[in-house]
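Working notes, structure below.
The values are calculated or read from the model by the stated rules, or taken from the named source; none is laboratory data. Note that the structure is a prediction, hence the values are computed from the model and not measured. Virtual Cβ from ideal backbone geometry, glycine too; neighbours counted across all protein chains shown. When the accessible area is computed, the model is the full protein with side chains, heavy atoms only, and any ligands, DNA or RNA have been set aside. Shrake-Rupley method; radii C 1.70, N 1.55, O 1.52, S 1.80 Å.
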Amino acid sequence: TRSTRPQRMLKAVQKNAIRGNPESVISAIDYFCKHSEWAMNVGDEKGCILDSVVTEVDPSTVLELGTYCGYSTVRIARLLSPGTKFITVEFNPASAEVARKIIAYAGLQDKVTLVEGASGDLIPQIKKLYGITTFDFIFLDHWKDRYLPDIKLFEEYGLLRKGSVLLADNVICPGTPEYLEYVRNSPRYESRYYPSHLEYTKVEDGLEKSLFLG
Ligand SMILES: Cc1ncnc2c1ncn2[C@@H]1O[C@H](/C=C/CNC(=O)c2cc(-c3ccc(F)cc3)cc(O)c2O)[C@@H](O)[C@H]1O
Ligand SMILES: [Mg+2]
């Protein structure tokens, strides 16, 4: 049967990247997406903004929603200090399998816990299952209509602390209007928009960084 795009992306990593070298894995995926097949990774332009926010926050606990093939997982994990707890959530088994292989190819498997399941099911159990009280940094890049319900779950289950940073992809394209309206109007967040472009295109998109004020 025909391979899937994630499987073809994995092949490109295995062919063009150097095992244990995260930078080469990132470059191989970006090259594949620019020259072979577009894919919905955060990409190199928005990826640099992601890098700078992760570096600035220097988190001890990280949550990513929507692993997909693991591109942003590798971008984040390569910047984390030893001992950081990093959980990434993916409910499509095929995507999760490709992501595990790409994360492992980059040599970052010991820094990442990939959980297969739906974010709405996992979030209420994170404290119990992983012994995490609050997250310092959260990257939202899953179904766009799940951003708002999930941020409300973070609040409900006390997973945010004063200073927690949430970074959301695609707030313009495809767009997350309800989420944007919430974080920009809630007195509990201080939000800032980082203009950029949809991965591998000239289409406008951007990231929204929201600081939880407690
Ligand atoms: C509640 C729940 N729980 C667990 N995993 C979950 C989950 N909801 C989704 N997932 C997982 O995460 C990924 C899905 C990501 C969704 N991302 C996008 O749809 C997306 C789309 C574009 C795009 C832009 C313009 C176009 F013309 C076409 C596409 C760009 C992007 O950057 C995107 O992120 C995918 O691997 C899915 O299984
Ligand atoms: Mg995205």
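Going by what's in this entry, would Glu178 be described as free of Cβ contacts under 8 Å to residues at least 40 places away in the same chain and more than 15 Å from ligand 2 (Cβ to nearest atom)?
yes
Quick one: count up the residues across segment 150-179 that are of a type in the set (D, E, K, R) and part of a loop (DSSP other than H, G, I, E, B).
3
Could you go through segment 17-26 and let me know if any residue there is in contact (Cβ under 8 Å) with a residue 24 or more places away in the chain, open to solvent by less than 20 Å² (accessible area, probe 1.4 Å) and under 29 Å from Gly175 (Cα atoms).
Yes, because at least one residue in segment 17-26 is in contact (Cβ under 8 Å) with a residue 24 or more places away in the chain, open to solvent by less than 20 Å² (accessible area, probe 1.4 Å) and under 29 Å from Gly175 (Cα atoms).
Name the single residue that is least open to solvent (accessible area, probe 1.4 Å) among those in segment 66-113 being of a type in the set (Asp, Glu) and within 16 Å of ligand 1 (Cβ to nearest atom).
Glu90
Quick check on this structure: which one of Ser196, Ser210, Ser191 is in contact with a helix residue (DSSP H, G or I) (Cβ under 6 Å, 6 or more places away or on another chain) and within 13 Å of ligand 1 (Cβ to nearest atom)?
Just a single option satisfies the conditions, and that option is Ser196.
Filter segment 114-147 for residues that are closer than 24 Å to Leu207 by Cα and either within 16 Å of ligand 2 (Cβ to nearest atom) or open to solvent by 50 Å² or more (accessible area, probe 1.4 Å) (or both) and give the result.
Answer for segment 114-147, where residues must be closer than 24 Å to Leu207 by Cα and either within 16 Å of ligand 2 (Cβ to nearest atom) or open to solvent by 50 Å² or more (accessible area, probe 1.4 Å) (or both): Ser119, Ile138, Phe139, Leu140, Asp141, His142, Trp143, Lys144, Asp145, Arg146, Tyr147.
Thr88 versus (1) among the β-branched types (Val, Ile, Thr); (2) touching a residue at least 40 places away in the same chain (Cβ under 8 Å); (3) within 16 Å of ligand 2 (Cβ to nearest atom): which is the lone unmet condition?
All conditions pass for Thr88, except number (2).
May I ask you to list pairs of residues, at least six apart or on different chains, whose Cβ atoms are under 7 Å apart, with the first in segment 183-198 being touching a residue at least 24 places away in the same chain (Cβ under 8 Å) and the second being of a type in the set (Asp, Glu)?
Taking only residues 6 or more apart or on different chains, the pairs are Val183/Glu208; Ser196/Glu45; Ser196/Asp205; His197/Glu45; His197/Glu204; His197/Asp205; Leu198/Asp205.
Could you check segment 180-193 and list, in sequence order, the residues that are open to solvent by 30 Å² or more (accessible area, probe 1.4 Å) and in a strand (DSSP E or B)?
Once the filter is applied, which keeps residues that are open to solvent by 30 Å² or more (accessible area, probe 1.4 Å) and in a strand (DSSP E or B), segment 180-193 yields Glu190, Ser191, Arg192, Tyr193.
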